[in-house]
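Worksheet: the structure to be examined is printed underneath.
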Amino acid sequence: MIYYPQKYIIPDEPMVPFIDNDEIQSFIRDTKSNFEQVKEIIQKSLDKNRLSLQETAILLNANDAESIEAIKEGAKELKRKVYGERIVLFAPLYIGNYCSNNCSYCGFKHSNKEIIRKTLLQQELVKEVQSLEKNGHKRLVLAFGEHQHYTPEFIANTVNTVYSVKQDNGEIRRVNINAAPQDIDGFRIIRDSKIGTYQIFQETYHEETYKKVHLSGMKRNYEWRLTAMDRAQEAGIDDVGIGALFGLYDWKYEVLGLVRHVNHLEAVYNVGPHTISFPRIQLASEMDIDLSYIVSDDEFTRLVAILRLAVPYTGMILTARESAEIRDQVLQFGVSQIDGGSNIELGGYSEENKHLQNINREQFTLNDNRSLAEVIHELLEHGYIPSFCTACYRMGRTGEHFMEFSVPGFIKKLCSPNAILTLAEYLEDYASPETKILGYNLIEDKIQELAVDTNVRTLKDKLDLVKQGRRDLYF
């Protein structure tokens, strides 16, 4: 069993922290903004160029209604240009809630004696995956508390179990990970289980606040967490996801921290993060934080639009922490991935595991309780293409290869057909008659749009094969 070290380990090549508090504060404090600048910066983003810290700060400090509206419209247009109408769907699956850290905002904190601790047994895990597959899921994020029980070997074995569960046409094709930072050897062990993205959220990039809200445990070490994605890259995991928990400190600071993190990864490894997440603080058992930095709905929509413009190529994840109303609103500003039918209780998906479920096992509160079927139907009604695509992962289009495709915007030409094929699978295997009609009407419309500049004959042939029972077809 591996135990986390109690201090930051300096590797052979020291990984130097890259967040300069004075630099970020000066951008927030001293950067001026006017409408003409805002328009120029939006155009740079629409040309699919990542923004600098100063350019991002100009957008952050644009407080007039005209500029804010231009930022939102720019984010909408950029999303259409890079990602089209597709929305990738996934589900979180909590494996265990033991934790060695004391984080003031989290229900899993070590000091919380009210929460009931549990790690899914293998047979319980299988039942959870089967239940998710029965609903049509193909992509999961496995979430682990940060505890010595959840070693790299344990995480890798869990991934292998998830991939092994198949029933009828159901299977999980991509497993992403949300777990503790590892050393390089630990990341390598997990990499070899064929994971997709490894997510680690810094929570807050403001070091003083970070130390206030992380009271004890390995997570208290700011530098160890900040350089985790460097170690993942050194270990050969080139698909990484970063994020901040908005509401711990000034939201403008966190946006610039995320952009600075992107800059660092690109400069050192020639590849930025595959995804950025931006969860907001939600009610949790024994939560104890300064509420003065809570992010309003208006601020939230602004920051999502600004992040979309700042890093045009990166996928953006919006979770069921947010209400259905906020999610429907924010989707248009650049979000490319959402969860559907989520349950964050241990054993929360399977009828066979109902005996495990207890309100005192949740990490925080969810605000969107729609089923996957409801989410998909509503996406279709709004003209989005629900996607379970895993083609880039299967074809090796990750890391630098993903950048090659996504930065110029070519990814849309691959993603739209692949999204259509996975949607057709869902319609054939899981959809209600009403959703099936709605879905195929949308597919027909999208094929006509693609036909303007793409030969869609092969796509139509693959769609026919899906209707005949073939599965897992992609470009």
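Rule-based calculations on the coordinates, nothing more; no lab input. Just so you know, these numbers come straight off a predicted model, no measurement behind them. For neighbour counting, all protein chains shown are included, and Cβ atoms are generated from backbone atoms with ideal geometry for every residue, glycine included.
Values as computed for the structure displayed
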item: Pairwise centroid distance, computed over Cα atoms, of segment 286-315 with segment 70-101, Å; result: 13
item: Pairs from LYS113/LYS219; LYS413/LYS436; LYS48/LYS211; LYS127/LYS436; LYS76/LYS436; LYS138/LYS354 whose Cα-Cα separation, in the structure shown, is over 30 Å; result: LYS48/LYS211
item: Modelled FRET efficiency - R0 25 Å, GLU374 with ASP464, Cβ distances, 0.05 increments; result: 0.30
item: Cα→Cβ-extended label distance, 7 Å offset, between ALA451 and GLN167, nm; result: 4.0
item: Gain on full stretching of the segment that runs from LYS354 to ASP472 - 0.36 nm per residue minus C-alpha separation; result: 39.3 nm
item: Peptides 389-399, 39-49, 139-149 ordered by average Cβ neighbours within 10 Å, highest first; result: 139-149, 389-399, 39-49
item: Potential lengthening between LEU283 and ALA65 on full extension [0.36 nm per residue; Cα-Cα distance subtracted]; result: 75.4 nm
item: Distance (nanometres) between label positions extended 7 Å along Cα→Cβ at GLU208 and ASN157; result: 4.6
item: Span-rule helices in the chain, defined as complete DSSP H runs reaching 15 Å or more along the axis (Cα) with Kyte mean at least 0.0; result: 152-164, 251-269, 297-310, 411-429
item: Spin-label model distance (nm) - GLU40 vs GLU77, 7 Å beyond Cα toward Cβ; result: 1.7
